[in-house]
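The values are calculated or read from the model by the stated rules, or taken from the named source; none is laboratory data. Predicted model only: the values in this text are computed from it and were never measured. Heads up, the Cβs are rebuilt from the backbone with ideal geometry, glycines too, and the neighbour counts pull from every protein chain shown.
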Amino acid sequence: MRLHLKNARLIDPAASVDRVTDIWMAGGRVASIDHAPDAFTADRVLDVAGKVVMPGLVDLSAQLREPGFEYRATLESELRAAMAGGITSLVLPPDTDPPLDEPGLVEMLKHRARQLDQVNIYPLGAMTVGLKGETITEMAELTEAGCVGFAQADRPVSDTRVLLRAMQYAKSFGYTLWLRPLDPWLARSGVAASGAYASRLGLPGVPQQSETIALHTLFELQRAVGVGLHICRVSSAGGLALIQQAKAEGLPVTCDVSINHAHLTDVDIGYYDTHYRLDPPLRGQRDREALRMGLAQGTIDALCSDHTPVDDDGKQLPFAEAEAGATGLELLLSLAVKWALEDKVPLLDALARVTQGPARVLALSAPAMPPIGGLSVGSPADFCVVDLDAYWTVDRQSLLSQSQHTPFLGMELPAKVLATGVRGRIIWESAR
Amino acid sequence: MRNPQLNKHGELTHLISTEGLSRDILQHILDTAQTFVPLAERDVKKVPLLRGKSVFNLFFENSTRTRTTFEIAATRLSADVFNLNINVSSAAKGETLLDTIANLSAMQADIFVVRHESSGAPYLIARHVSPDVHVINAGDGRHAHPTQALLDMYTIRHFKKSFSNLTVAIVGDVLHSRVARSNIHALTTLGVAEVRAIAPLTLLPSGLAEMGVKTYTDMAQGLKDVDVIIMLRLQNERMRGALLPSSHEYFKHFGLTQEKLAYAKPDALVMHPGPMNRGVEIESAVADGPQSVILNQVTFGIAVRMAVMSIVAGASS
């Protein structure tokens, strides 16, 4: 496929580019910008005047629920949702059923994704067998099968010695651990952030210390071992401050925050709206402001969808019994833009947190992987075409994910994805 | 967001929590209850206000006493009462809460009286019943027990006449107590001078200050010059899980004895939502003593529940 994008406003945070130009793509890569390559005959010419062409989004966490939970979502349904959201690269956590703790499972998943030939997927392997926190997995074999790092999803290791050994083993091979900071004892049975709102609702709380204590443990062990860490889903001001210190100290640390935590707080739960039942739980306004500031300043490397499809049965329950999670693939770009507009963050910086930033996290975690997240000449032609000025309403009709449960249901959001391309081939176009 | 307990005319159509209800609505419930109190003294204890209406008692969590008071209240209003002990029927067979509600709605219920172990469950039910069906919360998780709070308010008003100069202490397991939360909201709405909570820190939730409550960990200070003492029930399972070391030590420091009662004003009321654990949170000499109004609470409870049922049933759909 030879593609010519005419009159595009090219926004590429990796190259600090924001200007109107033409782009030519061939052989799955960006062939040229500004000047047509010699003897280029396009198979397709798209005039995108007034629209933005940017690198495809890189999402650091999306549960696609396959294998094991196909009644909630399948690779097909969720990859379609990703494409509709302008996402071209997805990192998958290992908490499938069975968890991704054996090379065969990873190979099968990669094979399924290859067959679909759409969005690039990057699985994280389970750090411990069955995510049980007892025995470390065959990390080298799992890496050969395609894993880009190792994680425990939302099942933190409570045995600190196992954690230390996993770090030592990962460090031996240069692997990165992607861990959620969560003290399992303090977080146990909690469903909302500890504080006045949870107390009023009579919901068991998760104190901020469950995050900060876990971070202290992780960083203290990291100082001894030197392993690379990616901190997943920071949720509190206190947690963010510790990450900032660790980075300032020079520890090899990156981190991300979810779209939900960048936009919402615990009082949004209202009268027990289970759309707001999330893990980690939503915290206070001070936390949200700190997270948005950290994102703007780059302490937080990436904004992620934390896409977690939950079916209707899982949400139509009393709050504490409801399943945690929200759909997010189709909201990631819009919520990045919304944040930029609200906080007057330069667009290049805001879009960097969903392209260049997460791509850098991936590159640090899997150095052998070809670089993604930019659109310079020679880069993989993974891109999306976006109407930044268009608004759309999040509703059950507009979402393609098998799960339509999101706190943003009914809201009007900026930025509409018009088309998504992977390796120079348009894989998704909006209906109009 | 509109308070889901109110209809579009601002009338009480469900009673789920005392939080967010106006002083007028609370006073109206207490005034209505007052008209029902003399009924208990009459030979014929019935009025025909809810004749032909069906009241379903849905207790997902067992409680014979609370269920019985609702049953008596509904019967005195001439309603037909159906008791469903969901704990041992459909829920145990795996039916979801909303399926249970849909099934019972199809039996033309007018009022659901619901007790559920999960905080917020009555809101979920209220969202899914048709507009002419009313939900009364008989206790949900740690969240609310509004009829208990209202009967407590009735009792306080009965003996103290006014709320404005009162200091009220709530003693015990506030962390797990829906009674405490509902009382705190009702007391602050009705304008008492001060609400206190007294317990070891393991039993006090965070954020009480934001709810207008002063916290104490010492009975001598906390009970000093209070007008009303509301004792909370301490459940045995709190002795596990590192909340309390023993009931013995708890009683020694937080149990209400005559000696500790002396810190309060001489005419202080002693209240308890029942069932009491004598020798754990309260000693018998106090529970049965002259300042105790615990049995009055039970009597007023029926009138208050009659008032709530008749008011929500009268709200336009």
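List of remarks:
- Index of the failed condition, residue B:119 passing every other in (1) in contact with a strand residue (DSSP E or B) (Cβ under 6 Å, 6 or more places away or on another chain); (2) more than 14 Å from chain A (Cβ to nearest Cβ); (3) not aliphatic (A, V, I, L, M): (2)
- Unique match (being farther than 26 Å from residue B:52 by Cβ and at pLDDT below 95) among B:140, B:173, B:152, B:99: B:99
- Scanning the range B:33-44 for residues that are under 12 Å from residue B:306 (Cα atoms) and either of a type in the set (Ser, Thr, Tyr) or surrounded by fewer than 17 Cβ atoms within 10 Å (Cβ to Cβ) (or both) yields B:34, B:35, B:39, B:40.
- Filtered residue count, the range B:72-86, keeping only those that are of a type in the set (Asp, Glu) and in contact with a Leu (Cβ under 7 Å, 6 or more places away or on another chain): 0
- Any pair with Cβ under 8 angstrom, 6 or more apart, that starts in the range B:72-91 at a residue that is in the same structural domain as residue B:305 (by TED's automatic domain parsing) and in a helix (DSSP H, G or I) and ends at one that is modelled with pLDDT under 95 and β-branched (Val, Ile, Thr): B:76/B:47; B:86/B:100; B:91/B:100
- Matching option when the condition is without any contact (Cβ under 8 Å) to a residue 60 or more places away in the chain and within 10 Å of chain A (Cβ to nearest Cβ), among B:199, B:209, B:193: B:209
- Selection count where residues are outside any strand (DSSP E or B), surrounded by 20 or more Cβ atoms within 10 Å (Cβ to Cβ) and out of contact with any Leu (no Cβ under 8 Å at 6 or more places or on another chain), scope the range A:1-27: 0
- Close pairs from the range B:290-307: first buried (at least 16 other Cβ atoms within 10 Å of the Cβ) and modelled with pLDDT of 95 or more, partner of a type in the set (D, E, K, R) and in a helix (DSSP H, G or I), Cβ under 7 Å, at least 6 apart: B:297/B:152; B:306/B:76
- Any hit, the range A:145-154, residues being more than 30 Å from residue B:139 (Cα to Cα) and among the charged types (D, E, K, R): yes
- Some residue of the range B:10-20 being under 23 Å from residue B:160 (Cα atoms) and either within 16 Å of the chain's Cα centre (by Cα) or at pLDDT 95 or above (or both): yes
- Count of the range A:35-61 residues, restricted to those that are at pLDDT below 95 and touching a Ser or Thr at 6+ places or on another chain (Cβ under 7 Å), is 0.
Quick grid of which residues meet (1) more than 18 Å from residue B:125 (Cα to Cα); (2) within 14 Å of chain A (Cβ to nearest Cβ); (3) buried (at least 17 other Cβ atoms within 10 Å of the Cβ); (4) within 20 Å of the chain's Cα centre (by Cα):
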residue	(1), (2), (3), (4)
B:48	yes, no, no, no
B:58	no, yes, yes, yes
B:65	yes, no, no, yes
B:73	yes, no, yes, yes
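- Within the range B:164-190, tally of residues that are away from every other protein chain (no Cβ under 14 Å), assigned to a loop (DSSP other than H, G, I, E, B), touching a strand residue (DSSP E or B) at 6+ places or on another chain (Cβ under 8 Å) and on the phi < 0 side of the Ramachandran plot: 1
- Exclusive hit being surrounded by fewer than 23 Cβ atoms within 10 Å (Cβ to Cβ), within 27 Å of residue A:400 (Cα to Cα) and either of a type outside the set (Phe, Trp, Tyr) or away from every other protein chain (no Cβ under 14 Å) (or both), set A:294, A:284, A:314: A:314
- Pairs with Cβ under 9 Å, 6+ apart, first in the range A:174-198 and within 14 Å of another protein chain (Cβ to nearest Cβ), second among the aromatic types (Phe, Trp, Tyr): A:191/A:319; A:192/A:276; A:192/A:319
- Single residue of the range B:219-268 satisfying the filter (part of a helix (DSSP H, G or I) and of a type in the set (Phe, Trp, Tyr)) that is nearest to residue B:193 (Cα to Cα): B:254
- So residue A:186, is it over 18 Å from residue A:134 (Cα atoms), aliphatic (A, V, I, L, M) and surrounded by fewer than 23 Cβ atoms within 10 Å (Cβ to Cβ): yes
- Positions within the range A:148-177 being farther than 20 Å from residue A:233 by Cα, touching a Leu at 6+ places or on another chain (Cβ under 8 Å) and of a type outside the set (Ser, Thr, Tyr), in sequence order: A:164, A:166, A:170
- Residue check, residue B:217 out of contact with any strand residue (DSSP E or B) (no Cβ under 6 Å at 6 or more places or on another chain) and either within 14 Å of another protein chain (Cβ to nearest Cβ) or small (Gly, Ala, Ser) (or both): no
- If you go through the range B:1-50 and keep only what is among the acidic types (Asp, Glu) and either over 24 Å from residue B:297 (Cβ atoms) or in a loop (DSSP other than H, G, I, E, B) (or both), you end up with B:11, B:19, B:43.
- Residue count for the range A:28-84, restricted to those that are acidic (Asp, Glu) and either in the same structural domain as residue A:360 (by TED's automatic domain parsing) or crowded, with 24+ Cβ neighbours inside 10 Å (or both): 5.
- The residues listed here are B:98, B:124; of these, the one that is part of a helix (DSSP H, G or I), within 9 Å of chain A (Cβ to nearest Cβ) and within 21 Å of residue B:178 (Cβ to Cβ) is B:124.
- Selection over the range A:318-357 of residues that are within 12 Å of residue A:275 (Cβ to Cβ) and within 14 Å of chain B (Cβ to nearest Cβ) gives a count of 3.
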